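Remarks on the structure that follows.
What follows draws every value from the coordinates through simple rules; no lab data is involved. Just so it is clear, the model here is predicted, and its values are computed rather than measured. Because the Cβ atoms are built from the backbone with ideal geometry, glycine has one as well, and the counts that use them run over all protein chains shown.
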Amino acid sequence: MIPFNSPTTTKNIEKCEKLLSELLETKVLLTPSCTSALEMTALLLDIQPGDEVIMPSFTFPSTANAFMLRGAMPVFCDIRPDTLNIDEVLISKLITKKTKAIVPVHYAGIACEMDTILNYDLPIVEDNAHGLFGTYQNKQLGTMGTFGTLSFHHTKNFSCGEGGALLINDPEYLPRAEVLREKGTNRQLFLRGEISKYTWIDLGSSYTMADTLAWILLSQINTQNIQMTRRELFWTYWDYLDTWAKVRGVQLPTLIKDSKPAYHIFWMVLPTIEDRIELQLYLQKRGVQSTTHFEPLHLSRMNKQSSHCPVTEDISQRLLRLPLHHSLSSVNQKKIIEAILEYS
Ligand SMILES: *Cc1c(COP(=O)(O)O)cnc(C)c1O
């Protein structure tokens, strides 16, 4: 038979989805980004205009956009001052009849207090853009809620330039997720040979990852030293800076009980905004780039609701992130640490 199309392959997608599904013990669908995976969750949960979705304000706009694109309203919850994650107790005060989901973000790859969050009896979407391979009570982050989402953007731990994944932890959603991802068609069934022609059966979009990107991602995930290098760098910062930080009232990353971080960010919270600005300028002069992070979403121009998130407002101004990536050499890390220890 002369083929109709030039030969194409989805074998890297299949291999990579299989590998991640095995490692995370859940169903993984690769997507073009974490943003698109979040958008898929809003469609799968049938989010409608007027619905409310509870999430931290201290996150990336995609967390909110995904639900606002369906007409829902983000309800911003404050964060805990220790983990910088959504305050699991405050959530209860924000739940109304209109609440359709809760979206915890495992900030910096550090686990949210999932036990409490899962008890709310609402669909949970774990925005786990930072936390691949971090754990909570020996469970992988992203696999505890109804859905989890991952990011393989070039700023994240594992990357293929642009990419993401949707973790389907409740198998009931899988058939519809496969249709949504294929522009609303049952092409997946066709590819598996289960039907002879595929058609348009539901709402959908182009939420598939390119096979060439999956090939890159596969090698990234298989390179376990990406995570090992980050872990090493993370604890080296910790070991050298712990005493320095305690003396100056600087807060370093705080873990909750029974959790293991994904080593995405090494952050410091300085005592005042002035301290943060001063240290950042000093590090710059010493040739070290350090950065702040999320601007609170509730203070942005897009937000129309009033929100009460004093911890978010305070912490976001005092937070500084140090370089942490697998190409950071230990020699350069020592220079960073030296610069900080010499700062008075
Ligand atoms: C990076 C990030 C996203 C978006 O990821 P993309 O893969 O770039 O779409 C979403 N949420 C959080 C918390 C992020 O940090």
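For this structure, a couple of remarks:
- Here the sum of -39500 (n - 2.57) over DSSP H runs of 4 or more residues, divided by the residues of the chain, equals -11000 deg cm²/dmol at 222 nm, to the nearest 500.
- When GLU39, GLU22, GLU338 are arranged by Cβ crowding within 10 Å, least crowded first, meaning fewest neighbours, the order is GLU22, GLU338, GLU39.
- Summarising the amide proton neighbourhood of ASN85: residues at separation of 5 or more, or on other chains, whose placed amide H is nearer than 5 Å comprise ARG80.
- Inter-probe distance in nm under a simple model that places probes 7 Å from Cα toward Cβ, at LYS334 and LYS98: 5.8
- DSSP-defined antiparallel bridges as percent of all bridges, the chain, nearest 5: 65
- For the range 1-104, the set of chymotrypsin sites (Phe, Trp or Tyr not before Pro) satisfying both a DSSP loop assignment and a count of at most 15 other C-beta atoms within 10 Å is given as PHE4.
- Extended-chain gain in nm, criterion 0.36 nm per residue less alpha-carbon gap, LEU252 and SER300: 14.6 nm
- Across LYS260/LYS285; LYS285/LYS334; LYS97/LYS304; LYS100/LYS304; LYS27/LYS197; LYS183/LYS304, pairs whose alpha-carbon gap is larger than 22 Å: LYS260/LYS285; LYS27/LYS197; LYS183/LYS304
- Under Karplus coefficients 6.51, -1.76 and 1.60, residue-wise ³J(HN,Hα) of the range 105-114 in Hz, glycine/proline x: 10, 7, 4, 6, x, 9, 5, 6, 7, 5
- Around the amide H of GLU52, modelled in the peptide plane, lie the amide H atoms of MET73, THR99, LYS100, all under 5 Å away and 5 or more residues distant in sequence or on another chain.
- Proximity of backbone amide H atoms, modeled 1.01 Å from N, is registered between PHE58 and LEU297 at under 5 Å, excluding neighbours fewer than 5 places apart on the same chain.
- Computed P(r) (all Cα pairs; the range 207-344; 10 Å bins; percent): 10, 33, 30, 21, 6, 0
- Calculated from backbone phi, Karplus (6.51, -1.76, 1.60) coupling profile of the range 68-74 in Hz, x at Gly/Pro: 5, 4, 9, x, 7, 10, x
- 5 Å-binned pair-distance histogram of the range 154-238 (Cα, whole percent): 3, 12, 15, 17, 16, 14, 9, 6, 5, 3, 1, 0
- Here the chain is treated as a Stokes sphere of Kirkwood radius computed over C-alpha pairs; at 10 °C and 1.306 mPa s its diffusion coefficient rounds to 75 µm²/s.
- Percent of Cα-Cα distances greater than 20 Å, calculated over the range 187-278: 64
- Projection of the Cα convex hull of the range 224-283, averaged over all directions and equal to a quarter of that hull's surface, yields 5.0 nm².
- Cα-based Kirkwood hydrodynamic radius, the range 12-121, one decimal, Å: 15.0
- Phi-derived couplings, Karplus 6.51 cos²θ - 1.76 cosθ + 1.60 at θ = phi - 60°, listed residue by residue for the range 125-142: 10, 7, 7, 10, 4, 9, x, 4, 6, x, 9, 9, 6, 6, 9, 5, 4, x Hz, with x used for Gly and Pro.
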